[in-house]
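The values are calculated or read from the model by the stated rules, or taken from the named source; none is laboratory data. Being a predicted model, the structure only gives us computed values, none of them experimental. When we count neighbours, we look across all protein chains shown, and the Cβ atoms used for this are built from the backbone with ideal geometry, even at glycine.
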Amino acid sequence: MITSIVDSVTAPALASSQARHPTPEEFTVTRNTAHRNDRKKQASTLKEKRAVKKAKRAAKTVSAVPSTDR
């Protein structure tokens, strides 16, 4: 009697928890895809930062050059 109650409670929970877990291959693919997307995002952020630095440097250079309009 007690085991049938325990089985009826744990069996659905066990089945649903097994259904949610990916296989090792699926997990690796998902993890690699997430890692790749994260690296792409970091790369685009770094490119934007470099572009901003380059623009600031160019602006400083232009403002530092003495004007020849006399």
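Which of (1) more than 16 Å from the chain's Cα centre (by Cα); (2) surrounded by 10 or more Cβ atoms within 10 Å (Cβ to Cβ); (3) among the β-branched types (Val, Ile, Thr) is the odd one out, the single condition residue 28 does not satisfy?
Answer for residue 28: the failing condition is (1).
Determine whether the range 18-30 contains at least one residue that is assigned to a helix (DSSP H, G or I) and at pLDDT below 60.
Yes, the range 18-30 contains at least one residue that is assigned to a helix (DSSP H, G or I) and at pLDDT below 60.
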